[in-house]
Amino acid sequence: MKNNIFAWFSFLALSLLLVSCKDGVLTDTNQDIKNLNWDYGQKIKMTVTVDDINKEYDLYMNLRITAKYKYSNIFVLIHQIGGNQKESVERREFKLALPDGEWLGSGSGNYYTFQLPFRKNYKFPQKGSYVFTFEQNMRDNPLRQVSDVGLRVEPVRN
């Protein structure tokens, strides 16, 4: 009986692994924000390895907040380094809610999840590792009610 259960779970895990590999997503990871307080000094770093520079990719900042987050937007600094290029930094504003307060992300319980596009149809200049760093750039320090921040890089779907 134990062997059958183990074999079934092994098959299920392998199937999930194969299905997740087919979509070509390079990374989709998040880091927890300690005590839901994103401090200026807490820079969220994510590394992605690019092997195919002929593909175009869509890049997203993953964000998860609680319903108690008091703003309808968020400003972040996005740093990129890699591919033998100088570090680039861009300041982005992402809208999180409508003027009436309705959240634009998907909700589950007291949490709202967002995938915020910051580069569409992007071609990496060289093969190799790229490091993306996210810093909160709001007036509040710490920025309260932020649960986690991450990066998703996926090939453009035609």
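The values are calculated or read from the model by the stated rules, or taken from the named source; none is laboratory data. Everything quoted here is computed from the prediction, not taken from an experiment. Positions of Cβ are generated from backbone atoms using ideal geometry, with glycine treated the same way; all protein chains shown enter the neighbour counts.
Can you find even one residue in segment 74-91 that is closer than 20 Å to Leu36 by Cα and without any contact (Cβ under 8 Å) to a residue 12 or more places away in the chain?
Looking for residues that are closer than 20 Å to Leu36 by Cα and without any contact (Cβ under 8 Å) to a residue 12 or more places away in the chain, one finds none in segment 74-91, hence no.
I'm told Pro99 meets every condition in (1) in contact with a Pro (Cβ under 8 Å, 6 or more places away or on another chain); (2) over 22 Å from Asn141 (Cα atoms) except one. Can you identify the failing condition by its number?
Going through (1) in contact with a Pro (Cβ under 8 Å, 6 or more places away or on another chain); (2) over 22 Å from Asn141 (Cα atoms) one by one, Pro99 breaks only (1).
Just give me the residues in segment 33-56 being part of a loop (DSSP other than H, G, I, E, B), under 19 Å from Phe75 (Cβ atoms) and charged (D, E, K, R), in sequence order.
Asp39, Lys43
Name every residue in segment 129-158 that is more than 23 Å from Ile65 (Cβ to Cβ), modelled with pLDDT of 95 or more and either among the polar types (S, T, N, Q) or more than 17 Å from the chain's Cα centre (by Cα) (or both), in order of residue number.
Matches in segment 129-158: Ser129 only.
Return the residues of segment 125-158 that are assigned to a loop (DSSP other than H, G, I, E, B) and touching a Gly at 6+ places or on another chain (Cβ under 6 Å); say none if nothing qualifies.
Passing the criteria: Pro125, Gln126.
Take Arg64 and tell me if it is out of contact with any Leu (no Cβ under 7 Å at 6 or more places or on another chain), closer than 16 Å to Gln31 by Cα and in contact (Cβ under 8 Å) with a residue 60 or more places away in the chain.
yes
Of all residues in segment 71-96, how many are at pLDDT below 95 and farther than 15 Å from Leu59 by Cβ?
The qualifying residues number 4.
Which of the residues belonging to segment 16-40 are at pLDDT 95 or above and either more than 24 Å from Tyr122 (Cα to Cα) or more than 16 Å from the chain's Cα centre (by Cα) (or both)?
Within segment 16-40, Asp32, Ile33, Lys34, Asn35, Leu36, Asn37, Trp38, Asp39, Tyr40 qualify.
Out of (1) surrounded by fewer than 16 Cβ atoms within 10 Å (Cβ to Cβ); (2) farther than 19 Å from Pro142 by Cβ; (3) of a type in the set (Asp, Glu), what's the single condition that is false for Asp32?
All conditions pass for Asp32, except number (2).
Restricting attention to segment 108-120, which residues are without any contact (Cβ under 8 Å) to a residue 60 or more places away in the chain and either surrounded by 11 or more Cβ atoms within 10 Å (Cβ to Cβ) or acidic (Asp, Glu) (or both)? Spell out how you get there, then give the answer.
In the first step, residues of segment 108-120 are kept if they are without any contact (Cβ under 8 Å) to a residue 60 or more places away in the chain; the result is 108-118.
Within segment 108-120, Asn110, Tyr111, Tyr112, Thr113, Phe114, Gln115, Leu116, Pro117, Phe118 qualify.
Only residues that are of a type in the set (D, E, K, R) and either in a strand (DSSP E or B) or surrounded by 16 or more Cβ atoms within 10 Å (Cβ to Cβ) (or both): list them for segment 57-95, please. Give the steps one after another, and end with the answer.
Keep residues of segment 57-95 that are of a type in the set (D, E, K, R), which gives 58, 64, 68, 70, 86-87, 90-93, 95.
The answer is Asp58, Arg64, Lys86, Glu87, Glu90, Arg91, Arg92, Glu93, Lys95.
Considering only residues that are within 17 Å of the chain's Cα centre (by Cα) and part of a strand (DSSP E or B), which ones fall in segment 96-113?
Ser106, Gly107, Tyr111, Tyr112, Thr113
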